[in-house]
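Novice: Mind having a look at this structure? Questions to follow.
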Amino acid sequence: MIEITEIYCGSPAQRAGIQCGDMLVAVNDTMINDVLDYRFAVAEKNLTVHLVREGEAVSVQIRKNEYDDLGLGFATALMDEKKTCGNHCIFCFIDQNPKGMRETIYFKDDDARLSFLQGSYITLTNLTDEDVDRIIRMHMTVNVSVQTTDPVLRNKMLGNVHAGESLRHLWRMAEAGVSMNCQIVLCPTWNDGDQLHKTLADLFSMVPAVESIAVVPFGQTKHRQKLCQIPAFTVETARAAIEQIEAVQRWSLAEHGSRIVYAADELYLLAQLPLPDDDAYEGYPQYENGVGMLRYLLNEFYDALEDAEYDGESRFLTIATGTAASPFFQDMMRDLELKFPQVHCQIITIYNDFYGHSVTVAGLMTGQDLYNQLKDKDLGSAVLVTETCLRHDDVFLDDMSREDLETLLGVPVIKTKVDGYVLLDTILGYAE
């Protein structure tokens, strides 16, 4: 039973007389154990909601529009506890955080429900056969962090003696037609080369259930002293991986009419190769995995710039970004100033002293690095940072708040979406 903590005003639940404090037991014939059971059950038009109220069984009849929300709130979004990760992956970024950070930084989840609800990736090691039954029954889309399809190697890479065995869930879901997006965190000398070839061959044998595959280079911080040592990517190893992936893409285009597998932007940057064109990303199915994010931003920004008009006053702002994206922003702001000479937006590259200079993405910038590298500089009227380096409570990874950074720097710190149109509007003052 799950306690109902909120009834939304005007909802079907309120009209039916359901009360806060009622315990939800079942909807129609579905026992409710968590949010997936709940969402699956309440999608129907005609519902019988089974409750316990003050120790007595109560049933409520509700008729509503199909897929409309019932209007109940619960103590947690999952209506249950998150499933924690039981793996000890050699590449885990969470294990590479320094000591002394807030507790939530160190929490690892490996929960199929979050894969469905939020798009996070799961390793399958937490799944039972009953969990897979439910995924198949509910026609869920699942994001799977595969790494390798070699069972022995997977045991080693995930630090879990059951990791290889859990691949059976992958094959079973594929046979049942469950839609899956897969991820391979590529670690030099571990799962690249021949191992990558085997993994891709196995995943392609599951097409069309496997809809897309992202190959993402592992991220290495300076806090790995007591962890398994993995060679850093070089230009040569990154290029070898790109060549291997692009060869598979060419085959897949001929065989399936789609590339299916994509390399992350960071792999192209490590290889010092230009990003693929827009059409090479085929609608950006792995955008949230950092695949095509820079290309999409560039396309949006230049589309917006082509149509933009500005005859306002002179403007001077600062964009603070990581070393990976900095050259792209330099080019964009140069072209902006060519069109609107009265607008100057300087780019300041932030080197990641907190995690180490091998970490180059803007999403991992910290408040202290921003402050130390921006202080005593003429920043103009505001500093722009990507929203990806701030959490929901407007706090950087090192617990400095955006408001505190504004106070220290003496200028507004504006968080911007990863959206070229919004970025241009913010620079020109239309989004303030």
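The values are calculated or read from the model by the stated rules, or taken from the named source; none is laboratory data. As the structure is a computational prediction, the values presented were derived from the model and not from experiment. All Cβ positions, even for glycine, are placed from backbone atoms using ideal geometry, and neighbour counts span all protein chains on display. All accessible areas refer to the heavy atoms of the entire protein, side chains included, with ligands and DNA or RNA removed. Shrake-Rupley method; radii C 1.70, N 1.55, O 1.52, S 1.80 Å.
Novice: Would you check if Tyr262 is of a type in the set (Ser, Thr, Tyr), within 22 Å of the chain's Cα centre (by Cα) and assigned to a helix (DSSP H, G or I)? I'd like the intermediate steps shown before the answer.
Specialist: Numbers: of a type in the set (Ser, Thr, Tyr): yes; within 22 Å of the chain's Cα centre (by Cα): yes; assigned to a helix (DSSP H, G or I): no.
So Tyr262 fails the test.
Novice: Taking only region 168-219 into account, find how many residues are within 17 Å of Tyr262 (Cβ to Cβ), in a helix (DSSP H, G or I) and in contact with a strand residue (DSSP E or B) (Cβ under 8 Å, 6 or more places away or on another chain).
Specialist: Final tally of qualifying residues: 5.
Novice: Give the residue that is most open to solvent (accessible area, probe 1.4 Å), with candidates limited to residues of region 328-376 that are among the aromatic types (Phe, Trp, Tyr) and over 18 Å from Val395 (Cβ atoms). Outline the logic, then answer.
Specialist: At the first step, the residues of region 328-376 found to be among the aromatic types (Phe, Trp, Tyr) are 328-329, 340, 351, 354-355, 371.
From what is left, the residues that are over 18 Å from Val395 (Cβ atoms) are 328-329, 340, 351.
Values: Phe328: 44, Phe329: 25, Phe340: 12, Tyr351: 112 Å².
The qualifying residue most open to solvent (accessible area, probe 1.4 Å) is Tyr351.
Novice: For region 64-79, enumerate the residues that are of a type in the set (D, E, K, R), in contact with a Lys or Arg (Cβ under 8 Å, 6 or more places away or on another chain) and touching a residue at least 40 places away in the same chain (Cβ under 8 Å). Quick ask: steps written out before the conclusion?
Specialist: Let us first name the residues in region 64-79 that are of a type in the set (D, E, K, R), namely 64, 66, 68-69.
With in contact with a Lys or Arg (Cβ under 8 Å, 6 or more places away or on another chain) added as a condition, the list becomes 64, 66.
Lys64 - this is the single residue of region 64-79 that is of a type in the set (D, E, K, R), in contact with a Lys or Arg (Cβ under 8 Å, 6 or more places away or on another chain) and touching a residue at least 40 places away in the same chain (Cβ under 8 Å).
Novice: Here are Ile213, Ile184: which of them is in contact with a Cys (Cβ under 6 Å, 6 or more places away or on another chain) and open to solvent by less than 10 Å² (accessible area, probe 1.4 Å)? Walk me through it before giving the result.
Specialist: On the way: Ile184 fails: in contact with a Cys (Cβ under 6 Å, 6 or more places away or on another chain).
Just one listed residue meets the conditions, Ile213.
Novice: Let me ask another. Look at region 388-403 and say how many of its residues are touching a helix residue (DSSP H, G or I) at 6+ places or on another chain (Cβ under 7 Å) and either modelled with pLDDT of 95 or more or part of a loop (DSSP other than H, G, I, E, B) (or both). Steps first, answer last, please.
Specialist: Residues of region 388-403 touching a helix residue (DSSP H, G or I) at 6+ places or on another chain (Cβ under 7 Å): 388-390, 394, 396-398, 400.
If we keep only those that are either modelled with pLDDT of 95 or more or part of a loop (DSSP other than H, G, I, E, B) (or both) too, we end up with 390, 394, 396-398, 400.
Qualifying residue count for the region: 6.
Novice: Can you find a residue in region 62-78 that is modelled with pLDDT of 90 or more and open to solvent by 40 Å² or more (accessible area, probe 1.4 Å)?
Specialist: Checked against the condition, which is being modelled with pLDDT of 90 or more and open to solvent by 40 Å² or more (accessible area, probe 1.4 Å), region 62-78 yields at least one hit.
Novice: While we're on this one: Could you list, in sequence order, the residues of region 342-398 that are closer than 17 Å to Arg102 by Cβ and among the basic types (Lys, Arg)?
Specialist: Arg391
Novice: Out of all the residues in region 96-110, which are in contact (Cβ under 8 Å) with a residue 60 or more places away in the chain and under 18 Å from the mean Cα position of the chain (by Cα)? Write out each step before concluding.
Specialist: Going residue by residue through region 96-110, those that are in contact (Cβ under 8 Å) with a residue 60 or more places away in the chain are 96-98, 101-102, 105.
Once the filter is applied, which keeps residues that are in contact (Cβ under 8 Å) with a residue 60 or more places away in the chain and under 18 Å from the mean Cα position of the chain (by Cα), region 96-110 yields only Ile105.
Novice: I've got another one for you. For region 291-387, give me every one of the strands (runs of 3 or more DSSP E) that falls completely inside it and has 3 or more residues that are touching a helix residue (DSSP H, G or I) at 6+ places or on another chain (Cβ under 6 Å). Write out each step before concluding.
Specialist: Numbers: elements: 315-322, 343-350, 383-386.
Of the strands (runs of 3 or more DSSP E) lying wholly inside region 291-387, those with at least 3 residues that are touching a helix residue (DSSP H, G or I) at 6+ places or on another chain (Cβ under 6 Å) span 315-322, 343-350.
Novice: Looking at region 379-414 only, could you name the residues that are closer than 20 Å to Asn299 by Cα and touching a strand residue (DSSP E or B) at 6+ places or on another chain (Cβ under 7 Å)? Don't jump to the end; show me each part of the working.
Specialist: Initial filter on region 379-414 (closer than 20 Å to Asn299 by Cα): 384-388.
Hits for region 379-414 are Leu384, Val385, Thr386, Glu387.
Novice: Also: Identify the residue in region 1-34 that is of a type outside the set (Gly, Ala, Ser) and part of a helix (DSSP H, G or I) and, among all such residues, is surrounded by the fewest Cβ atoms within 10 Å (Cβ to Cβ). Please lay out each step first, then the result.
Specialist: Just the residues of region 1-34 that are of a type outside the set (Gly, Ala, Ser), to begin with: 1-9, 12, 14-15, 18-20, 22-25, 27-34.
Now restrict to residues that are part of a helix (DSSP H, G or I): 12, 14-15.
Working: Pro12: 21, Gln14: 15, Arg15: 12.
Looking at the filtered set, the residue picked out is Arg15.
Novice: Restricting attention to region 138-157, which residues are open to solvent by 10 Å² or more (accessible area, probe 1.4 Å), assigned to a helix (DSSP H, G or I) and touching a helix residue (DSSP H, G or I) at 6+ places or on another chain (Cβ under 8 Å)?
Specialist: The answer is Met138, Pro151, Leu153.
Novice: Leu267 - would you say it is assigned to a helix (DSSP H, G or I) and touching a helix residue (DSSP H, G or I) at 6+ places or on another chain (Cβ under 6 Å)?
Specialist: Yes, satisfied.
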